[in-house]
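Okay, structure first, notes after.
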Amino acid sequence: MYPASFEYHAPSSIEEALSLLERYGDEGKVLAGGQSLIPLMKLRFASPRALVDLNRIEGLDSIQEDDGYLAIGALVRHKDCERSEALRGRYGVLGDAAPQISDPIVRNLGTVAGSLAHADPQGDWGSALMAAGARVVARGSGGPREIALDELFEGPFTTTLEPTEVITEVRVPDPGPKAGGTYLKLERKVGDFATVAVAVHVSFSDGAVGRAGIALTGVGPRNLRARVAEEALSGRTLDDEAIGEAGRLAAEAAEPRDDMRGSADYKRNVVRVFVERGLRKAREV
Ligand SMILES: Cc1cc2nc3c(=O)[nH]c(=O)nc-3n(C[C@H](O)[C@H](O)[C@H](O)COP(=O)(O)OP(=O)(O)OC[C@H]3O[C@@H](n4cnc5c(N)ncnc54)[C@H](O)[C@@H]3O)c2cc1C
């Protein structure tokens with residue numbers, strides 16, 4: 001099926017993009033990699049009057065360490081993250097998530113920021129970045145504002161972004177010198193969305209857990225943060241007992257449903273096992 005007709009704009013600056021979005025209000029849509037928006041338009045689930053394509057705006061495609069955080073620009077593609085040295089080691093939860101997203105065609109075009117704005121409960125970046133404590137910088141006519149991912153995701157495919165706002169950057173706080181984690185994903189076949197996935201990111205301080213981030217994909221109406229499990233780990237030595245308890249608490253935080261991918265009980269059990277595995281990997285640093 002073809003999409004309904006639409007106007008197409010390719011601004012060369014963020015200011016121009018913002019003024020176009022102001023002009024169209026909720027009838028305008030930002031276009032980044034097009035890997036979610038274009039299929040929706042072809043199915044006529046979305047019929048925007050105008051697309052505002054970010055791809056010709058310079059300076060949005062870098063991953064760089066800044067003062068106290070790692071900045072991921074709005075046009076950084078999944079494949080850039082897959083190849084980035086910066087996303088290994090201390091930011092390993094991000095580097096491990098990237099190659100598990102779909103297939104090379106989608107990864108060549110799809111962007112990290114677009115995934116967050118799309119807010120698919122089965123999106124992998126939402127959980128990986130939530131575990132890492134990331135925030136997005138959203139720019140609108142009122143200036144920039146930072147939004148924690150917990151506050152960005154409202155529900156399935158719904159965010160607190162205004163239609164006139166653009167995510168210009170994702171900021172991941174520096175986890176300190178000793179940190180590790182991973183992203184574990186169960187999929188029916190390579191390239192599929194997650195049946196269940198788990199993001200684990202731990203910063204250590206004086207041999208104990210400083211900050212723990214645990215987030216879940218595919219087991220709720222949005223990417224979920226397992227806060228009680230995170231808090232149970234804070235200040236503790238990451239021994240087998242602490243790991244077992246965190247796995248159990250994270251499984252309790254999941255809100256899975258029976259579907260063609262598996263029963264709710266099965267998915268809850270996968271959450272527990274993946275959280276335990278992720279934490280064991282994190283303590284190897
Ligand atoms: C076959 C297939 C398989 C996939 N499998 C997976 C998977 O396994 N895991 C996974 O996580 N994802 C998967 N995806 C989704 C993919 O990761 C998309 O790339 C991603 O969801 C959207 O990024 P995009 O840059 O393509 O955004 P677009 O499609 O361009 O836009 C998506 C939405 O975000 C908005 N938007 C985009 N950028 C911005 C911005 N900077 N500021 C504000 N709003 C913005 C758009 O207006 C639109 O509403 C899959 C997609 C396909 C087609």
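The values are calculated or read from the model by the stated rules, or taken from the named source; none is laboratory data. Fair warning: this is a prediction, and the values are worked out from it, not measured in the lab. Cβ coordinates were reconstructed from backbone atoms using ideal geometry, including for glycine residues, and neighbour counts include every protein chain displayed.
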Checklist outcome for this item: When residue 188 is run through (1) part of a strand (DSSP E or B); (2) within 13 Å of the ligand (Cβ to nearest atom), the failure sits at (1)
Checklist entry - Is there any pair with a first residue in segment 249-272 that is at negative phi and a second that is surrounded by fewer than 20 Cβ atoms within 10 Å (Cβ to Cβ) and not in a helix (DSSP H, G or I) whose Cβ atoms are under 7 Å apart and which are 6 or more apart or on different chains, and what are they? => result 254/220; 255/220; 261/188; 264/257; 264/258
Checklist entry - Which numbered condition trips up residue 106, out of (1) more than 8 Å from the ligand (Cβ to nearest atom); (2) more than 9 Å from the chain's Cα centre (by Cα); (3) part of a helix (DSSP H, G or I)? => result (1)
Next on the checklist: For the structure I just gave you, tell me whether residue 252 is of a type in the set (Asp, Glu), out of contact with any strand residue (DSSP E or B) (no Cβ under 7 Å at 6 or more places or on another chain) and within 17 Å of residue 120 (Cα to Cα).
Outcome noted: no
Next on the checklist: I'd like the full set of residues that are in contact with a Cys (Cβ under 9 Å, 6 or more places away or on another chain) and surrounded by fewer than 20 Cβ atoms within 10 Å (Cβ to Cβ), limited to segment 68-101.
Outcome noted: 99
Item to check | Subset of segment 229-244 [out of contact with any Phe, Trp or Tyr (no Cβ under 9 Å at 6 or more places or on another chain) and surrounded by 15 or more Cβ atoms within 10 Å (Cβ to Cβ)] | outcome: 229, 230, 232, 233, 236, 242, 243
Next on the checklist: Suppose we keep only residues that are modelled with pLDDT of 95 or more and surrounded by fewer than 18 Cβ atoms within 10 Å (Cβ to Cβ) within segment 188-219. Which one would you say is nearest to residue 151 (Cα to Cα)?
Outcome noted: 210
Checklist entry - Within segment 197-215, is even one residue touching a helix residue (DSSP H, G or I) at 6+ places or on another chain (Cβ under 9 Å) and in a loop (DSSP other than H, G, I, E, B)? => result no
Checklist entry - List pairs: first in segment 103-118 and farther than 21 Å from residue 165 by Cα and among the basic types (Lys, Arg), second within 6 Å of the ligand (Cβ to nearest atom) and not in a helix (DSSP H, G or I), Cβ under 6 Å, 6+ apart or cross-chain? => result 107/101
Checklist outcome for this item: Residues of segment 245-263 being surrounded by 15 or more Cβ atoms within 10 Å (Cβ to Cβ) and part of a strand (DSSP E or B), in sequence order, are 262
Checklist entry - Mind checking which residues of segment 87-103 are more than 10 Å from the ligand (Cβ to nearest atom) and out of contact with any Asp or Glu (no Cβ under 7 Å at 6 or more places or on another chain)? => result 87, 88, 89, 90, 91, 92, 93, 94, 95, 96
Next on the checklist: Which of the numbered conditions does residue 6 fail, given that it passes all the others? Conditions: (1) within 20 Å of residue 113 (Cα to Cα); (2) within 13 Å of the ligand (Cβ to nearest atom); (3) surrounded by 13 or more Cβ atoms within 10 Å (Cβ to Cβ).
Outcome noted: (1)
Checklist entry - Of all the residues that make up segment 165-176, how many are within 10 Å of the ligand (Cβ to nearest atom) and part of a loop (DSSP other than H, G, I, E, B)? => result 1
Next on the checklist: Restricting to segment 13-47, name every residue that is more than 8 Å from the ligand (Cβ to nearest atom) and part of a loop (DSSP other than H, G, I, E, B).
Outcome noted: 13, 43, 44, 45, 47
Checklist outcome for this item: Flagged pairs (Cβ under 9 angstrom, 6 or more apart or on separate chains; first in segment 143-159, of a type in the set (Lys, Arg); second at pLDDT 95 or above and surrounded by 13 or more Cβ atoms within 10 Å (Cβ to Cβ)) are 145/137; 145/138; 145/139; 145/165
Checklist entry - Does residue 66 count as within 7 Å of the ligand (Cβ to nearest atom) and among the acidic types (Asp, Glu)? => result no
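Collect the residues in segment 69-100 that are part of a loop (DSSP other than H, G, I, E, B) and either among the β-branched types (Val, Ile, Thr) or under 18 Å from residue 212 (Cα atoms) (or both), keeping them in residue-number order.
Filtering segment 69-100 down to residues part of a loop (DSSP other than H, G, I, E, B) leaves 74-76, 84, 88.
Passing the criteria: 76, 88.
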